[in-house]
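Enquirer: Structure in structure tokens, see below.
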Amino acid sequence: MSRKIYDIIPNEKISKKDNFCYREKKRKKNPFFFIFSFVILSLVGVFFFIQSSAEVEIYPNLEDVSIEASIKIDAIESLIDYEKGVLPGIIFSDVRESTEDYFSTGTDSKTKRATGVIRVYNKIKPSTPMTLRISTRFLSVPGGLTYRADKAFTIPGSSSDGTPGYVDINVTADEAGTEYNLSSATFSVPGLSGTEAYSNIWAETVSALGGGEESKIKIVTRSDLSSSEEAFKEKYIEEAKQALISSIPENYVYDPEEMLVQVKDFYVNAQDGAEVEKFSVYGKFESSILSTRKEDLVKMGEYLIKKEISDLKIIVPDSIFCEIVEQKNVENKIELKVVFTAKTYSLPQDNIVKESLINKNKFSSASILESMPEIDKVEINLFPFWRSVLPQKEESINIELKFND
């Protein structure tokens, strides 16, 4: 069998596919194209498949309600008696002691006459004792200051050797003053002037004469005692009130004007005319007040208001206000006249509200609800934000009541 032998295949008959030495250059793909496509597809998925929800804020029309009632607070009671209008009372008390110094405003002259001992000499010849009466005057040299003998006395005569006889006596200055305080001096006896005895009788200081004084001193007056008592009580009664008030918790109701403060163990450590520059006042203050819890008063107000309004009316939370217009204290009881005020509202039946929302247009739903007399305003927020129709499922709609803008 004969074989055909091909030497060379013409170039034009060889395809690019058969030529293993030839490789076609591949084109690079742009990565941003895939990212952009993914985002678009995701947004489409969210738009069509994400579960929607709605937040519906309803502002009801509010109505003010006010009633006046008589309430009693009794320290003996421990529970609220709604039928009798009695609230449990709690007595707060405090005891404190206070002391304060006050200055004396009265003045007086304090005078003292100098006193001391002098020695009186007698050298009369022939030796003769000399007796002088009480209040005998002695005149100091120098100075000319007069002193008087406190008692009558006798001066012995001189001794045989000529030594003068003498006697020590107590004397007092004729007037008050510090100038009569002498450390040493010689004295004559003016009453003997013109006699032989005048030059033979004299005296000298044995020790310094002192104690003379003339000055102004402070004394306590009746006005000082009364004004200090008044100022002391006024100041510390007010401090006792403020101290008790600061110790009472904020959730209690009371009238500060009805606080009882008693002053015990009051005394002043000085009397009228006492020679002191200042004196002290002391007192013990016992304060007490009857109060009740705010929440109990609000509960009573809520109970009374609910009795007055329709069953369809609802009290706005935290809207009850209590104003005490009159108060009378009787022993451990308080009688109050209270004005209770509150805001109330009512809403359409639940099925009507739900029908106005489920699978309804956002704006038409709000318009329908706002046309109801019980509702003042409605605000609807949808998620995702681009949706305009509320969800079909009731659990995807959250309704919240709002009572202020």
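Enquirer: When the chain is treated as a GNM, springs tying every alpha-carbon pair under 10 Å, which of Lys360, Lys299, Lys343 comes out with the largest mean-square fluctuation?
Expert: Lys360
Enquirer: When Rg is the radius of gyration of the Cα atoms in the chain and Rh is its Kirkwood radius, what does Rg/Rh come to?
Expert: Here Rg/Rh amounts to 1.64.
Enquirer: In a GNM of the chain with a 10 Å cut-off on Cα contacts, which of Tyr236, Tyr82, Tyr166 has the highest mean-square fluctuation?
Expert: Of Tyr236, Tyr82, Tyr166, the most mobile in the Gaussian network model is Tyr166.
Enquirer: Under a Cβ-only charge scheme (Lys and Arg +1, Asp and Glu -1), can you give me the dipole magnitude of the chain about the Cα centre, in debye to the nearest 20?
Expert: 3280
Enquirer: Hey, another quick one. What spacing in nm lies between the two simple spin-label points modelled at Val316 and Ser247, each 7 Å away from Cα in the Cβ direction?
Expert: For the pair Val316/Ser247, the computed spacing is 4.0 nm.
Enquirer: Take the Cα atoms of region 108-216, find their three principal axes, and give me the spread along each one in whole Å, biggest first.
Expert: Here the Cα extents, ordered largest to smallest, are 54, 25, 24 Å.
Enquirer: Which angle between 0 and 90 degrees, to the nearest 10, do you get for helix 294-308 versus the longest principal axis of the chain when only C-alpha atoms count?
Expert: 50
Enquirer: Tell me which of Tyr180, Gly212, Tyr59 sits at the most positive position along the dipole axis of the chain, charges placed on C-beta atoms (Lys, Arg +1; Asp, Glu -1).
Expert: Tyr59
Enquirer: Listed highest first by mean packing, meaning other Cβ atoms within 10 Å per residue, what order do 333-342, 311-320 come in?
Expert: Going by the mean number of other Cβ atoms within 10 Å, highest first, we get 333-342, 311-320.
Enquirer: Another question about this same structure. Per DSSP helix of 4 or more residues, -39500 (n - 2.57); summed, then divided by the residues of the chain. What does that give at 222 nm, rounded to the nearest 500?
Expert: That calculation yields -6000 deg cm²/dmol at 222 nm.
Enquirer: Using θ = phi - 60° and the Karplus form 6.51 cos²θ - 1.76 cosθ + 1.60, what ³J(HN,Hα) does each residue of region 135-146 get, whole Hz, x for Gly and Pro?
Expert: Working through the residues one at a time gives 6, 4, 7, 10, 10, 6, 10, x, x, x, 8, 9 Hz.
Enquirer: Once R0 is set to 25 Å, what does the formula 1/(1 + (r/R0)^6) return for the Cβ-Cβ distance between Ala231 and Lys110, expressed as a FRET efficiency to the nearest 0.05?
Expert: Efficiency, rounded to the nearest 0.05: 0.35.
Enquirer: Please report, in debye to the nearest 20, how large the charge dipole of region 108-216 is about its Cα centre when each Lys and Arg carries +1 at its beta carbon and each Asp and Glu carries -1 there.
Expert: Dipole magnitude for region 108-216 comes out near 180 debye.
Enquirer: Express the C-alpha Rg of region 188-234 as a ratio against the empirical globular expectation 2.2 N^0.38 Å, rounded to two decimals.
Expert: 2.73
Enquirer: OK, next. What spacing in nm lies between the two simple spin-label points modelled at Glu302 and Ser159, each 7 Å away from Cα in the Cβ direction?
Expert: Reported label-point gap for Glu302 and Ser159 is 11.5 nm.
Enquirer: Where the centre of each part is set by its Cα atoms, how far does region 54-123 sit from region 248-314, in angstrom?
Expert: The two parts, judged by their Cα centres, are 8 Å apart.
Enquirer: Using only alpha carbon pairs under 8 Å that are at least six residues apart, calculate the relative contact order of region 108-216 and give it in whole percent.
Expert: Relative contact order for region 108-216 comes out at 41 percent.
Enquirer: Which residue fluctuates the most in the chain, going by a Gaussian network model with Cα springs under 10 Å, if the choices are Lys151, Lys264, Lys307?
Expert: For the chain, modelled as a Gaussian network with Cα springs under 10 Å, the answer is Lys151.
Only the coordinates and a few stated rules stand behind these numbers; no lab work does. Because the structure is predicted, anything quoted here is derived from the model rather than measured. Reconstructed Cβ throughout: ideal geometry from the backbone, glycine too, with neighbour counts over all protein chains shown.
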